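Structure, as structure tokens:
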Amino acid sequence: MTNPETLLRRFHTPFRWDNVERRPYKDDDSAPFKAIARQVLFAEPELGCELRYFEMDAGGHSTLERHEHVHAVMILRGSGHCLLGENVRAVQQFDLVSIPAWTWHQFRATAGTPLGFLCMVNTSRDRPQLPDAATLAHLRTIPDVAAFLD
Ligand code: MN
């Protein structure tokens with residue numbers, strides 16, 4: 001039986017929801033990231049997907065990774081930049097970002113403010129891959145990407 005208390009979780013600033021735990025970005029430190037936290041807003045077995053809210057402090061970043069599963073992202077707080085494949089794009093509040101399968105991606109809070117986004121993802125998904133040295137070296141030959149990574 002569903003607990004009625006969980007059917008409506010009110011938003012309260014700064015970007016927290018009732019009875020939603022604020023957790024580390026990832027449960028292990030096997031991948032590099034900086035100053036980022038995770039809140040799982042919805043994890044409904046009937047939907048087969050989860051909606052998470054990630055937020056990084058100014059200067060923080062998510063892991064540079066790729067995987068078979070896709071992401072649907074809405075920027076909800078602040079602005080910054082994201083890497084999508086070999087392109088760096090500026091993003092701001094309410095922008096929508098689609099991340100296709102096997103596309104390198106990373107978000108960075110480059111604007112001196114926190115950057116927060118909703119991320120929809122399959123419940124059952126493959127484990128992210130990290131770039132090897134050759135991939136990183138290739139990405140760094142692209143001036144915009146090199147500047148983004150440093
Ligand atoms: Mn990802």
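Okay, here's what the table says:
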quantity	calculated
Of all accessible heavy-atom area on segment 3-150, the percent that carbon and sulfur account for (1.4 Å)	53 percent
Longest DSSP-loop-exposure-free segment, GluC sites (Glu not before Pro), the chain, at most 16 other Cβ within 10 Å	87-150
For segment 55-150, accessible area per residue (1.4 Å probe, heavy atoms of protein chains only), Å²	50 Å²
Segment 68-149: Cα Rg divided by the 2.2 N^0.38 Å rule of thumb	1.12
Segment 20-149, relative contact order in percent, only Cα pairs under 8 angstrom and at least six apart counted	28 percent
Cα extents of the chain along the three principal axes, largest first (Å)	54, 32, 27
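The values are calculated or read from the model by the stated rules, or taken from the named source; none is laboratory data. Quantities reported herein were computed from a predicted structural model and do not represent experimental measurements. Neighbour counts are summed over all protein chains in view; Cβ atoms, including those assigned to glycine, are modelled from backbone coordinates with ideal geometry. Only protein heavy atoms, including side chains, enter the accessible area calculation; ligands, DNA and RNA are left aside. Shrake-Rupley method; radii C 1.70, N 1.55, O 1.52, S 1.80 Å.
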